[in-house]
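The values are calculated or read from the model by the stated rules, or taken from the named source; none is laboratory data. Keep in mind that this is a model prediction, so the values were computed, not measured. All Cβ positions, glycine included, derive from the backbone under ideal geometry; neighbour counts span all protein chains shown.
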Amino acid sequence: LRRRIIRAEKMEVVGHLAASISHEVRNPLTVSRGFMQLLLQSERMNYKDKQYIQIAIEEIDRAEAIITDYLTFAKPAPEHVEKLNVKTEIERVIDILRPLANMNSIEIQTSLLPFAVKGERQKFQQCLLNVMKNAIEAMPNGGTLRINVSIDKDYVLIHIGDTGVGMTKEQIERLGEPYFTTKGTKGTGLGMMVVYRIVETMRGDLFIHSEVGQGTDVYMYFPSYYKTDVEKFSRKNEKASQSR
Ligand code: ADP
Ligand code: MG
């Protein structure tokens, strides 16, 4: 028992570390990037020097992108499973992505309902962020990002649709494979891997429909909070009737 407690404490430290990475490492990255940007404008720099600086900036952007895909919502406090209102969580993520959407002239249309699912808030938000960010990045010349919430039997269905570049069958198949990206140095190829992992831990499911040049629809199913409770309730009853 003692060993288990120590391990739980260690896990907590890992959680703290993750949070520090995103909060404390982002700042120095931003500062370093700023100074390099200044150097790029300096007249004393020759062409070769500027090329080196450009590479350094790209590498910083890469580190920043990896932190974004993993740790956007990491907080110093340990996470716990709780009841999450999908409408509230989606709205939070939209707020974060709105500047990026505006930059790409993307209209965001929503039809959200306050259904409840069970999960860890930071992970759920990270999952939504990674899917929505991909949708926005698929529309560099503008378009529409649609987000709908509905209920399908015992599942809450979150539909995220874009009118972007779309994907080929081969690309859809490779989705979630670590480091698979079509965005060159700008991509990490980690976003969808994180999404699949989170959906799995929440006992959800994910389907993708995509057509090249038309856009992509991502359908994410999460067990309804009340359904999971009902299940637990009936399981308890089963046990009770068996022991009778
Ligand atoms: P990254 O975004 O860093 O490339 P992801 O794991 O998030 O990594 O996505 C992997 C790849 O899947 C992307 O590079 C892109 O080719 C494809 N993809 C994901 N979502 C979409 C989308 N909504 N529309 C078009 N392509 C997408
Ligand atoms: Mg991505």
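Looking at (1) assigned to a helix (DSSP H, G or I); (2) modelled with pLDDT under 95; (3) surrounded by fewer than 16 Cβ atoms within 10 Å (Cβ to Cβ), which one does Thr88 not meet, given that it meets all the others?
Checking Thr88 against (1) assigned to a helix (DSSP H, G or I); (2) modelled with pLDDT under 95; (3) surrounded by fewer than 16 Cβ atoms within 10 Å (Cβ to Cβ), the one that fails is (2).
List the pairs whose first member sits in region 107-132 and is over 18 Å from Leu206 (Cα atoms) and assigned to a strand (DSSP E or B), whose second member is within 16 Å of ligand 2 (Cβ to nearest atom) and at pLDDT 95 or above, and whose Cβ atoms are under 6 Å apart, counting only residues at least 6 apart or on separate chains?
Ile108/Ala101; Ile108/Leu145
When you go through (1) over 22 Å from Ala116 (Cβ atoms); (2) within 15 Å of ligand 2 (Cβ to nearest atom); (3) out of contact with any Asp or Glu (no Cβ under 7 Å at 6 or more places or on another chain); (4) at pLDDT 95 or above one by one for Thr168, which number turns out not to apply?
Against the list (1) over 22 Å from Ala116 (Cβ atoms); (2) within 15 Å of ligand 2 (Cβ to nearest atom); (3) out of contact with any Asp or Glu (no Cβ under 7 Å at 6 or more places or on another chain); (4) at pLDDT 95 or above, Thr168 comes up short only on (2).
Out of the residues in region 182-199 that are surrounded by fewer than 17 Cβ atoms within 10 Å (Cβ to Cβ) and either over 27 Å from Val117 (Cβ atoms) or of a type in the set (Asp, Glu) (or both), which is nearest to ligand 2 (Cβ to nearest atom)?
That would be Lys183.
Within region 57-84, which residues are within 15 Å of ligand 1 (Cβ to nearest atom), over 27 Å from Tyr155 (Cα atoms), of a type in the set (A, V, I, L, M) and in contact with a Ser or Thr (Cβ under 9 Å, 6 or more places away or on another chain)?
Passing the criteria: Ala65, Ile66, Ile67.
Can you tell me which residue is farthest from Pro223 (Cα to Cα) among those in region 132-154 that are in contact with a Ser or Thr (Cβ under 6 Å, 6 or more places away or on another chain) and at pLDDT 95 or above?
Of everything passing the filter in region 132-154, Gly142 is farthest from Pro223 (Cα to Cα).
Out of (1) within 23 Å of Glu89 (Cβ to Cβ); (2) within 12 Å of ligand 2 (Cβ to nearest atom); (3) loosely packed, with under 14 Cβ neighbours inside 10 Å, what's the single condition that is false for Gly176?
The number of the failed condition is (3).
State the number of residues belonging to region 162-201 that are polar (S, T, N, Q) and either more than 6 Å from ligand 1 (Cβ to nearest atom) or closer than 14 Å to Met220 by Cβ (or both).
Here the count works out to 4.
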